[in-house]
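The structure under discussion appears below in the form of structure tokens.
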Amino acid sequence: MTELTIAQEAPSEQEPSWQERYGGPSREICRLALVDLARRDPRIMCVDSDVGGLESLFADLPEQYVNVGIAESNLIGTAAGMAAAGLVPFAHTLSGFAATRACEQIKVDVAGNDLPVRIVVSHGGLSAGHYGPTHHAVDDLGIMRLMPNLTVLVPADAVEAEQALIASAGLPGPVFLRLGRTETPLVYRQPYDFRIGRAVTLADGDDVTLIASGPYPVVMALRAAETLAAAGIRARVLNMHTIKPLDEEAVLRAAAETRGIITIEDHLVVGGLGSAVCETVAARGGCPVRRIGVPDRFSDRVGGELDLLEHAGITPERIVAEARLLTAAVN
């Protein structure tokens, strides 16, 4: 599968500097933002599970950096203790490891006590698929959604990831910030007013709504909307960067104003964005909902992120096909 890109207008004179600033993996952009925050606020702590690279970035802030080693349960327990003492810890690990190996500590120590721990995870979804199924983090959002008090964020690109990390620093409770592994296409070409819990309308339409979360799903939704527009189907595209608390108002508005909703995510079709949208629509009445995500079964496939997404049926072509079926069914 070829690399996905978003059609853009001719770059402005400022485009190179924007690309230079955000043209890298979201996890790297977030790390730089965290260092900047830490320099301005001595309460901010970087708690590392030996993910690599953070130790050099915090070399001049040794009192604000702790490496617990590859011990995810200790990572969360240590961060919880710091938060209880009045600090603002950002705990770093891989998404699959946080959601499963440290699940009990997140549940009991962090969410159970409503502590301001920011769990910053990389390798979310299928972005670490080259390591094999042990690193397929496709159940993480479903697990984290079940935790009371926990805010769950899935930025669409490096620009939004930086904004999400900065915004999370001011929240009173715990946060799960899910990032990918490698550089992905930029969705945003200029600053915007990022708000936790508020979906972003990337394209307007009144025929069908595409609700996506995560880098490639959002890009695929935008590409599908372009294809659908050429066929006379107007698709609304919502970037649902906050899985919890979900922007229920935006979902219900889509249910009332369009003929159906399609959710797109780099996660199992069970438990994640699709389930959250279905719960909202079912509880309040609404429209048909079709879910596009990783099939609800174990996979032994090894490969690159885009290859695995395509194998799972998460593609712009699939979105277009589902949109055509949905709009035809309700005509």
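The values are calculated or read from the model by the stated rules, or taken from the named source; none is laboratory data. This one's a predicted model, so the numbers in the text were calculated from it and none came from an experiment. In this analysis, Cβ positions are derived from the backbone assuming ideal geometry, glycine residues included, and neighbour counts consider all displayed protein chains. What goes into the accessible areas is simple: the full protein's heavy atoms, side chains included, and nothing from ligands, DNA or RNA. Shrake-Rupley method; radii C 1.70, N 1.55, O 1.52, S 1.80 Å.
Picking from residues in the range 220-236 that are surrounded by fewer than 22 Cβ atoms within 10 Å (Cβ to Cβ) and of a type outside the set (S, T, N, Q), the one that is nearest to residue 156 (Cα to Cα) is 223. Here residue 80 meets each of (1) in contact (Cβ under 8 Å) with a residue 24 or more places away in the chain; (2) open to solvent by less than 40 Å² (accessible area, probe 1.4 Å); (3) within 17 Å of residue 122 (Cβ to Cβ) with one exception, condition (3). For residue 270, indicate whether it is under 23 Å from residue 127 (Cα atoms) and surrounded by fewer than 19 Cβ atoms within 10 Å (Cβ to Cβ). Taking the combined requirement at face value, the residue satisfies it.
Restricting the range 108-165 to residues that are among the β-branched types (Val, Ile, Thr) and part of a helix (DSSP H, G or I) leaves a set whose member that is nearest to residue 200 (Cα to Cα) is 159. The C-beta contact set for the range 84-100 (first residue on the phi < 0 side of the Ramachandran plot, second residue crowded, with 22+ Cβ neighbours inside 10 Å and of a type in the set (S, T, N, Q), distance under 7 angstrom, 6+ apart or interchain) comprises 92/49; 93/49; 94/122; 95/122. What's the total number of residues in the range 297-307 that are open to solvent by 60 Å² or more (accessible area, probe 1.4 Å) and not aliphatic (A, V, I, L, M)? Count: 5.
Okay, residues lined up against (1) at pLDDT 95 or above; (2) open to solvent by 10 Å² or more (accessible area, probe 1.4 Å); (3) more than 25 Å from residue 292 (Cβ to Cβ):
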position	(1), (2), (3)
141	yes, no, no
156	yes, no, no
191	no, yes, yes
195	yes, yes, yes
210	yes, no, no
217	yes, no, no
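Any residue that is β-branched (Val, Ile, Thr) and open to solvent by 30 Å² or more (accessible area, probe 1.4 Å) - is there at least one of those in the range 110-133? Within the range 110-133 (the criterion being β-branched (Val, Ile, Thr) and open to solvent by 30 Å² or more (accessible area, probe 1.4 Å)), the answer is no, since none of the residues qualifies. Looking across the range 158-178, just one residue is open to solvent by 30 Å² or more (accessible area, probe 1.4 Å) and either within 16 Å of residue 106 (Cβ to Cβ) or touching a Lys or Arg at 6+ places or on another chain (Cβ under 6 Å) (or both), and that is 171. With respect to the conditions (1) open to solvent by less than 10 Å² (accessible area, probe 1.4 Å); (2) over 20 Å from residue 318 (Cβ atoms), residue 249 lacks only one, and its number is (1). The condition of being modelled with pLDDT of 95 or more, within 15 Å of residue 129 (Cβ to Cβ) and open to solvent by 10 Å² or more (accessible area, probe 1.4 Å) holds for only one of 257, 322, 310, that being 310. Among the residues of the range 197-208, which ones are over 23 Å from residue 293 (Cβ atoms) and in contact with a helix residue (DSSP H, G or I) (Cβ under 8 Å, 6 or more places away or on another chain)? The one that is over 23 Å from residue 293 (Cβ atoms) and in contact with a helix residue (DSSP H, G or I) (Cβ under 8 Å, 6 or more places away or on another chain): 206.
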